[in-house]
Structures are given as structure tokens and as C-alpha cells.
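Here the structure comes first, spelled out in C-alpha cells, and everything after it is commentary.
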Amino acid sequence: ATILVLHGPNLNMLGTREPEVYGRETLADIDERLQQQAADAGHHLLHLQSNAEYELIERLHEARREGVDFVIINPAAFTHTSVALRDAILASDIPFIEVHLSNVHAREAFRHHSYFSDIAIGVICGLGSQGYDLALQAALNQLQQRG
Ligand code: DQA
């Protein structure tokens, strides 16, 4: 199967960006690890980080055409703002898991609402980069169940 991992704005700064909140690992570290885990399980993992809403939207349109089977997405700040990205993921009709490194519910009130959680298969937050590993495991289980 093909799994697409999407990272929203500012996640390219991981490792140096507020490390007490987001950890010291870089996004490249995380993507490489996920790619290895997917490959070990006999699957294909693609990833994209973008600071631009339209790039993430267009990637989701493309994902549908490509036949991507599952999406893992950390929409970052777009979580709390983007009806357009929500609509794109609905249009893609691809099941997805929402991931956040930090526990958004323990932070500012404006981070408590997500435009994605009610349409996600599941949501993982507050576990740092491990959240992505857990999401990948869950995605692979989901895909296996569906056959
Ligand atoms: C984040 C949480 C968001 O509120 C924030 O805007 C981010 C990262 C996280 O992974 O914890 O950029 O999605």
C-alpha cells in the first residue's frame, strides 16, 4: 500500500523550533524513520512538508489520482484555521489519522478546536514524534483489516 505523510506549516523548523514543546528531532529524522518502518513492512511511504496551504491541498488532489491508500497528517496551525484543507481531505476520500506532537488540549484555547478531528479515523497528540510511529502502525493495521 501507499501511505502519504503530510506536514503543515513551520514543521520544517523541527529540531530548533521551541524544542521544549516540539522536541529536538528534525523532520528529516522523522520522515526517514517512517519510510524505513513502512519499507520493512513491505509498503511505500511518501512525505511532504509545506508552509503553503495550496500545496497541501494540491498534494491531496494528486493523492487521490495516484491511489494513495492512507494519509497521516499533522496540519500544524492549519488544524485550527483551514476549512479549505478539511474540504481537500474530504474530496480526496482517503482515510486519515491526525497527529500533533504537542498536547494541543493542554495549550491555548485556540488550539483546542480542530477542523479535522471529527472526520479522522483517529487522532494522536501529546506524544511527540512517537505519535507518527503509532499512527503508521495504526494505518498499517487498518489497511490489513480492509485487505
Ligand atoms: C502542532 C500543534 C499546532 O497547534 C501548532 O500550530 C503546530 C504544531 C503539533 O504538532 O503539536 O504548528 O500541530
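The values are calculated or read from the model by the stated rules, or taken from the named source; none is laboratory data. As the structure is a computational prediction, the values presented were derived from the model and not from experiment. Please note: Cβ atoms are built from the backbone with ideal geometry, for glycine as well, and neighbour counts cover all protein chains shown.
Here is a check on your reading of the model: is residue 143 surrounded by 16 or more Cβ atoms within 10 Å (Cβ to Cβ), touching a Phe, Trp or Tyr at 6+ places or on another chain (Cβ under 7 Å) and modelled with pLDDT under 95?
yes
When you scan the range 90-119, how many residues do you find that are over 14 Å from residue 6 (Cα atoms) and either crowded, with 17+ Cβ neighbours inside 10 Å or among the small types (Gly, Ala, Ser) (or both)?
Here the count works out to 9.
Name the pairs whose Cβ atoms lie under 8 Å apart, with the first residue in the range 83-108 and under 11 Å from residue 72 (Cα atoms), the second modelled with pLDDT under 95 and polar (S, T, N, Q), and 6 or more positions between them or separate chains?
Going by the 8 Å Cβ cut-off, the qualifying pairs are 95/142.
So residue 129 ticks every box in (1) crowded, with 17+ Cβ neighbours inside 10 Å; (2) of a type in the set (Gly, Ala, Ser); (3) over 20 Å from residue 41 (Cβ atoms) but one. Which box is left unticked?
(3) is the only condition that residue 129 fails.
Name the single residue, out of those in the range 43-86 being more than 16 Å from the ligand (Cβ to nearest atom) and in a loop (DSSP other than H, G, I, E, B), that is farthest from residue 33 (Cα to Cα).
If we take residues in the range 43-86 being more than 16 Å from the ligand (Cβ to nearest atom) and in a loop (DSSP other than H, G, I, E, B), then 67 is farthest from residue 33 (Cα to Cα).
Pull out all pairs, ordered by first then second residue, where Cβ-Cβ is under 8 Å, the residues are six or more apart or on different chains, the first lies in the range 62-79 and is under 13 Å from residue 99 (Cβ atoms), and the second is within 16 Å of the ligand (Cβ to nearest atom) and basic (Lys, Arg).
79/111
Would you confirm whether or not the range 11-18 contains a residue that is closer than 25 Å to residue 140 by Cα, within 11 Å of the ligand (Cβ to nearest atom), out of contact with any His (no Cβ under 9 Å at 6 or more places or on another chain) and not in a loop (DSSP other than H, G, I, E, B)? Let's see the steps before the verdict.
At the first step, the residues of the range 11-18 found to be closer than 25 Å to residue 140 by Cα are 11.
Among the residues that remain, those that are also within 11 Å of the ligand (Cβ to nearest atom) are: 11.
With the extra rule that they be out of contact with any His (no Cβ under 9 Å at 6 or more places or on another chain), the set shrinks to 11.
In the following step, the residues that additionally are not in a loop (DSSP other than H, G, I, E, B) were identified as 11.
Yes: the range 11-18 contains one or more residues that are closer than 25 Å to residue 140 by Cα, within 11 Å of the ligand (Cβ to nearest atom), out of contact with any His (no Cβ under 9 Å at 6 or more places or on another chain) and not in a loop (DSSP other than H, G, I, E, B).
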